[in-house]
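Remarks on the structure that follows.
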Amino acid sequence: MRALALPVVLGALLVALGGCGLQPMYAGGGNGAVAQGLAAVDVPPIEGKAGWLVRNALQERLGQSGSNAAPRYRLDVLLDDQLEGLGLLTGETIGRERRTLRARYQLVDLTTGRIIVDASAGSDAGIDVVSSEFATIAAEQTALENLSREVADRIVTRVTVALREPA
């Protein structure tokens, strides 16, 4: 009796899951609506080194490498990159730093001028300050590169959800 109940319960769960409305985000692959929408997003230059890194990461994630598609959307991004010292050691030397990268962004429909997404994204990283100045600078740069990729991922995820939703 118990062996018969398990397949019945699993079957009922599968039927319920099919009716829940979940759909793949990238249905249709590269020819799907979301992929086409992402490829049609223009990312204007962003100020500063962090801007250059974030823009490159965004273009890579949006699938714009070598794309000749006419832009339908514009993604305006304004960054705030902060580096602050934490963890004072003896002699008032800094033992730890925190790098914070915040982005305020808007996705604008170029045909109507309507703002589709108006949001912010951010991330931070801790950096150990060591006796080697070169190692500390390298750690700061690596943190900026990692934060740029993470912020770009968050932006693209939010833009993808917006482009997937019906107008």
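Before moving on, here are some points about what is shown:
- Only listed residue being assigned to a helix (DSSP H, G or I) and among the hydrophobic types (A, V, I, L, M, F, W, C), chosen from 117, 156: 156
- The residue of the range 130-167 that is farthest from the chain's Cα centre (by Cα), among those that are modelled with pLDDT of 90 or more and acidic (Asp, Glu), is 140.
- Candidates 139, 162: the one that is in a helix (DSSP H, G or I) and more than 30 Å from residue 63 (Cβ to Cβ) is 139.
- Subset of the range 120-136 (residues that are among the charged types (D, E, K, R) and part of a strand (DSSP E or B)): 124, 128
- Scan of the range 87-130 for residues that are exposed (fewer than 13 other Cβ atoms within 10 Å of the Cβ) and in contact with a Gly (Cβ under 8 Å, 6 or more places away or on another chain), ordered by number: 88, 89, 128
- Residue within the range 68-75 that is surrounded by fewer than 14 Cβ atoms within 10 Å (Cβ to Cβ), free of Cβ contacts under 8 Å to residues at least 24 places away in the same chain and assigned to a strand (DSSP E or B) present: no
The values are calculated or read from the model by the stated rules, or taken from the named source; none is laboratory data. Here the structure is a predicted model, which is why all the values come from computation and not from measurement. In this analysis, Cβ positions are derived from the backbone assuming ideal geometry, glycine residues included, and neighbour counts consider all displayed protein chains.
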